[in-house]
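S.K.: For reference, the structure I am asking about is given below.
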Amino acid sequence: MPGNFLKKFENIYGYLFFALLAASLVFLRKPETLLHAQLWAEDGKIWFAQAYNIGAFKSLLISDGGYFQTFSRLAAALGLLVPLSKVPLLLNSIEFLLQLSPALLLLTPRLKNIGPKIQSRLLLAGLYLLLPNTAELDGHITSSQWYLAVLAFLVLVASPAVKNKLWQFFDAVVLLLSGLTGTFAIFLIPVAAVLYKTRRGFHSGLNLCLIFFAGVLQAASVFLLSHENRVHVLPELTAKLFFAIFSRQVVWGLLSGARGYLIILSQGWLIPLASVLAIVVIIYALVKGPLELKLFLVFGLAIFAASLITPTKAALSYPILKVLSRSTDGIRYWFIPMLSFASALVWGLSRSNRRAIRFVCALFLCFSIFGIVLDFRHHPYPDNNFGLYVEKFLLLPKGERLSIPITPPGWQMELVKH
């Protein structure tokens, strides 16, 4: 009976039901994103302000943090077409749809190769939508690079769209947008290369060319352009600190979330035990898992390592890696590593695996409900009375400037009236 019910998700009506359910879950985690939209940090200060002040095309050519952020800048350029008061809602709506995209792609027949049974892909899509320890990513267009990276990986491992021109166009657009938004293309080049070597064919070759082009461009920008907001001296990393970050942010980020970790912290023996078992599961999946899972695990591990080497500077007095190991600062770094760990757990439930592995994976996934429940609701951003400042701005004479407060506290968006 359950199997027959789940099979209904493989037809158009079941797919639409899942799309509606997914949208509802994302909305309920932070309804203020759409009901009371606010500009957040770079959304206002950089992406929209530069698009408005110097023009959409010129702003596209500017790097930030040492690399290009094309998708965020394109979204800000679209903001020029709507009234200023509607810009936060437009940007948040674009981010909302993008956040849904990987989950919706997982349920299409093109991703059957990573999970022939609909049950496993539904579980994986559900974990993606409900992932704890992700509040920092929700409700702003700046987070688009992380969602695009997951979407680009799924496009690479999906079954080639040999005859469907619409899917081919979709794949090319996703890979280019993802590749030109953030540095993830650098880590996706080996993924695309392995898949091309395995599959051959025009489609895989085109994917490799697109990712290689974007990755080389982003790598060149990282080395040649300014990125003063990143650390330039390698942080001191010890085995103890590495294990602490992996345990706190990846393993317990999934199992308990940010809120639940404070509860688990009193159970000192449980934290290292779960982390060691997680490492065992990951190693087992790297050895026994299918190619697509191995590639996603390597992708996640590469991002984890890169995040330890070149994190963004912290505004705190503690050493940066200690900050990352103890708090929710920078939890965007752990989003994809957590997803790759979750993927290993879902695969670990397969009957072809050893009983001990199946038991550990099932135990972890059941425990993750604890983190999902506690971290389900994301706190709204504070109200900065954006509408009032928009009214002031519209009354300004041409050439006058206005600084508009945005979130988080202390950030400003400066616009010059046209």
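S.K.: Just wondering, is there one or more residues in segment 173-183 that are assigned by TED's automatic domain parsing to the domain that holds Tyr196 and at pLDDT below 90?
M.R.: No, because not a single residue in segment 173-183 is assigned by TED's automatic domain parsing to the domain that holds Tyr196 and at pLDDT below 90.
S.K.: In addition: Would you pick out the residues in segment 43-96 that are in contact with a strand residue (DSSP E or B) (Cβ under 7 Å, 6 or more places away or on another chain) and among the basic types (Lys, Arg)?
M.R.: Residue satisfying the conditions is Lys45 alone.
S.K.: Filtering segment 34-56 down to residues that are in contact (Cβ under 8 Å) with a residue 12 or more places away in the chain and assigned to a loop (DSSP other than H, G, I, E, B), which residue is surrounded by the most Cβ atoms within 10 Å (Cβ to Cβ)?
M.R.: Leu39
S.K.: For Ala192, which of the numbered conditions (1) surrounded by 22 or more Cβ atoms within 10 Å (Cβ to Cβ); (2) closer than 27 Å to Leu39 by Cβ fails to hold?
M.R.: (2)
S.K.: Using the structure shown, decide if Phe170 is farther than 14 Å from Phe335 by Cβ and either surrounded by fewer than 22 Cβ atoms within 10 Å (Cβ to Cβ) or outside the structural domain of Phe364 (by TED's automatic domain parsing) (or both).
M.R.: Here the answer is yes, as Phe170 does meet what is asked.
S.K.: Looking only at segment 93-107, decide whether some residue is more than 30 Å from Ala362 (Cα to Cα) and surrounded by 23 or more Cβ atoms within 10 Å (Cβ to Cβ).
M.R.: yes
S.K.: Next up: Among the candidates Tyr333, Tyr381, single out the residue that is in contact (Cβ under 8 Å) with a residue 40 or more places away in the chain, in contact with a His (Cβ under 9 Å, 6 or more places away or on another chain) and not acidic (Asp, Glu).
M.R.: Tyr381
S.K.: Still on this structure: Considering only residues that are at pLDDT 75 or above and among the β-branched types (Val, Ile, Thr), look in segment 229-269 and name the one that is surrounded by the fewest Cβ atoms within 10 Å (Cβ to Cβ).
M.R.: Ile263
S.K.: Check whether at least one residue in segment 79-87 is crowded, with 16+ Cβ neighbours inside 10 Å, polar (S, T, N, Q), part of a helix (DSSP H, G or I) and touching a helix residue (DSSP H, G or I) at 6+ places or on another chain (Cβ under 9 Å), and report yes or no.
M.R.: No: zero hits.
S.K.: Which of the residues spanning segment 64-82 are over 20 Å from the mean Cα position of the chain (by Cα) and touching a residue at least 12 places away in the same chain (Cβ under 8 Å)?
M.R.: Of everything in segment 64-82, those that are over 20 Å from the mean Cα position of the chain (by Cα) and touching a residue at least 12 places away in the same chain (Cβ under 8 Å) turn out to be Ala77, Leu78, Gly79, Leu80.
S.K.: Just wondering, is there one or more residues in segment 106-117 that are among the polar types (S, T, N, Q), in contact with a His (Cβ under 9 Å, 6 or more places away or on another chain) and outside any helix (DSSP H, G or I)?
M.R.: no
S.K.: So which residues in segment 134-165 are of a type outside the set (A, V, I, L, M, F, W, C) and under 21 Å from Glu42 (Cβ atoms), if there are any at all?
M.R.: Correct list: Thr134, Glu136, Asp138, Gly139, His140, Thr142, Ser143, Ser144, Gln145, Tyr147.
S.K.: If you take the residues in segment 123-156 that are of a type in the set (A, V, I, L, M) and more than 18 Å from Phe296 (Cα to Cα), which one is surrounded by the most Cβ atoms within 10 Å (Cβ to Cβ)?
M.R.: The extreme case among them is Ile141.
S.K.: Confirm whether Leu98 is at pLDDT 95 or above, within 23 Å of Ala185 (Cβ to Cβ) and in a helix (DSSP H, G or I).
M.R.: Taking the combined requirement at face value, the residue satisfies it.
The values are calculated or read from the model by the stated rules, or taken from the named source; none is laboratory data. Please read all numbers here as calculations on a predicted model, not as lab measurements. Neighbour counts are summed over all protein chains in view; Cβ atoms, including those assigned to glycine, are modelled from backbone coordinates with ideal geometry.
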